[in-house]
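Data block below; observations after.
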Amino acid sequence: MFKKYNDGWIEAITGPMFSGKSEELIKRANSLIYAKQKFLVFKHEIDNRWETSKVKSRAGFSIECKTITNSNEIFDYITDDIKCIIVDEVQFFEENIHQNLRKIAEKGIRVIVAGLDMDYKCEPFGPMKNILAVAEFVTKLTAVCFECGKAAAFTYRKDKSNQEVVAVGDAEYEARCRKCMQS
């Protein structure tokens, strides 16, 4: 079925760690390059796993980005020719980022975000619950369970001694299915 949308909407890509969220985000950015549409990519400065000037997937794909600490900074970069704003690791931003994303979409700009929907305690992660509520399109990805090899929708933290919700890095985490998450 064909649907025609107004300019300006929010797309959210979510799922557990190791599900390919950044890879999907980069894929969508590459489509914008082919369409010759100008866009900007952002990530939070807390994400220090790769080069600060790049969003990078575990599969090795990458795209240039701007590193910021607060979603208000996005407005400093928007010019009249920007057609899309892309934000990776959106769960690290402030709780009310969804309000800024809505303002951007209301300007007729497409917004694409990627981030974890749940933390390792299976609780909604930061601003994602609000972003998912205001997004027109939601893509929920799954990973492969590190324990049994089935579809995994959860992020498991191996070291439970650190109770902070935000611990950036891959070594501390695994993707798990519901059954293995309970083990």
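Side notes on the structure shown:
- With R₀ set to 45 Å, the beta-carbon distance separating residue 148 from residue 79 gives a calculated FRET efficiency near 0.40.
- Acute angle (nearest 10 degrees) that the helix 97-106 long axis makes with the longest principal axis of the chain, alpha-carbon atoms: 30 degrees
- Förster radius 30 Å - calculated FRET efficiency between residue 140 and residue 52 (Cβ-Cβ, nearest 0.05): 0.60
- Here the chain is treated as an ellipsoid with the same Cα gyration tensor; its semi-axes, largest first and in whole Å, are 28, 17, 16.
- In loop segments of region 35-137 as defined by DSSP, the GluC sites (Glu not before Pro) with at most 15 further C-beta atoms inside 10 Å of their C-beta are 45, 51, 94, 95, 136.
- Most to least packed among 172-180, 75-83 [average Cβ atoms within 10 Å]: 172-180, 75-83
- Relative to the longest principal axis of the Cα atoms of the chain, the long axis of helix 21-34 makes an angle of roughly 20 degrees.
- Ordering 177, 12, 127 by Cα displacement along the dipole of the chain toward the positive end leaves 177 in first place; charges were set at the Cβ atoms of Lys, Arg (+1) and Asp, Glu (-1).
- Across the chain, the mean sequence separation of Cα contacts (distance under 8 Å, 6 or more residues apart), normalised by length, yields a relative contact order of 30 percent.
- Contact order normalised by residue count of region 1-90, Cα under 8 Å, 6+ apart, percent: 33 percent
- The chain: antiparallel DSSP beta bridges as a percent of all, rounded to 5: 30 percent
- Among 36, 54, 107, the largest mean-square fluctuation in a Gaussian network model of the chain (Cα springs under 10 Å) belongs to 36.
- For the residues 42, 137, 125, a GNM of the chain with alpha-carbon springs under 10 Å puts the largest fluctuation on 137.
- Its DSSP H runs of at least 4 residues, each contributing -39,500 (n - 2.57), put the calculated 222 nm mean residue ellipticity of the chain at -5500 deg cm²/dmol, to the nearest 500.
- Rounded to the nearest 20, the size of the Cβ-charge dipole of the chain about its Cα centre is 740 debye, with Lys and Arg at +1 and Asp and Glu at -1.
- In this structure the chain gives 53 Å² per residue of accessible area when probed at 1.4 Å with all protein chains present.
- Dimensions of region 1-93 based on its C-alpha atoms, expressed as ranges along the principal axes with the largest first, amount to 38, 32, 22 Å.
- On the chain, 48 percent of the accessible area sits on carbon and sulfur atoms, based on a 1.4 Å probe.
- Set 56/150; 27/83; 54/83; 27/66 screened for pairs whose C-alpha atoms are more than 23 Å apart: 56/150
The values are calculated or read from the model by the stated rules, or taken from the named source; none is laboratory data. Keep in mind that this is a model prediction, so the values were computed, not measured. With ideal geometry, Cβ positions are generated from the backbone for all residues, glycine too; neighbour counts draw on all protein chains shown. Heads up: the accessible areas ignore ligands, DNA and RNA and are worked out on the full protein's heavy atoms, side chains in. Shrake-Rupley method; radii C 1.70, N 1.55, O 1.52, S 1.80 Å.
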